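Q: Got a structure here, written out as structure tokens. Questions coming.
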Amino acid sequence: MTASDSLLSVDNLSVSFATESGRVRVVEDVSFAVPGGHTVGLVGESGCGKSVTAMSIMRLLPSPPSRVDGGRVLFDGKDLTALGDAAMRDHPCVICPCRGDGGRRPLAYSNTTRGK
């Protein structure tokens, strides 16, 4: 599957946080693609970067201390990493993490439908 075949494509995403000891890379070179009409689950141990990855896609992490060091995020062919803050707030995207308690709460969403 190529980025052009996907509704969401994350390519080599890397994220770090500033600490008193310097920058710490918390997500490194993460890549995945989600075709339209499909769902993907990020699975891993506690603290492995699932939530940071999801929040980085939507740019919900505070900066500083967080920083996207590399990679790109394409949603419906548009590079979200190149959008300004106002355009990002208006862009349609949904991220719903599954919490350990089994509940589903959206991290971020827009009720704008694709293609409008």
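The values are calculated or read from the model by the stated rules, or taken from the named source; none is laboratory data. Because the structure is predicted, anything quoted here is derived from the model rather than measured. Backbone-built Cβ (ideal geometry, glycine too); neighbour counts: all protein chains shown.
Q: Among all residue pairs at least 6 apart or on different chains, which show Cβ distances below 7 Å where the first residue, located in region 17-38, is free of Cβ contacts under 8 Å to residues at least 60 places away in the same chain and closer than 17 Å to LEU74 by Cα and the second is part of a strand (DSSP E or B) and polar (S, T, N, Q)?
A: Qualifying pairs under 7 Å: ASP29/ASN12; ASP29/SER14; SER31/ASN12; ALA33/SER9.
Q: How many of the residues in region 22-46 are of a type in the set (S, T, N, Q) and within 20 Å of LEU61 (Cα to Cα)?
A: Summing the residues that are of a type in the set (S, T, N, Q) and within 20 Å of LEU61 (Cα to Cα) in region 22-46 gives 2.
Q: Let me ask you something else. For residues in region 43-75 being in contact (Cβ under 8 Å) with a residue 40 or more places away in the chain and assigned to a loop (DSSP other than H, G, I, E, B), which is surrounded by the fewest Cβ atoms within 10 Å (Cβ to Cβ)?
A: The extreme case among them is PRO64.
Q: Can you pull out every residue in region 22-57 that is of a type in the set (Val, Ile, Thr) and within 20 Å of GLY70 (Cα to Cα)?
A: VAL24, VAL26, VAL27, VAL30, VAL34, VAL52, THR53, ILE57, listed by residue number.
Okay, residues lined up against (1) crowded, with 17+ Cβ neighbours inside 10 Å; (2) at pLDDT 95 or above; (3) hydroxyl-bearing (Ser, Thr, Tyr):
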| position | (1), (2), (3) |
| --- | --- |
| SER6 | yes, no, yes |
| ASN12 | no, yes, no |
| SER16 | yes, yes, yes |
| VAL34 | no, no, no |
| THR39 | no, no, yes |
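Q: For the subset of region 80-100 comprising residues that are outside any loop (DSSP other than H, G, I, E, B) and exposed (fewer than 13 other Cβ atoms within 10 Å of the Cβ), which member is modelled with the highest pLDDT?
A: Going through the qualifying residues, I end up with ALA82.
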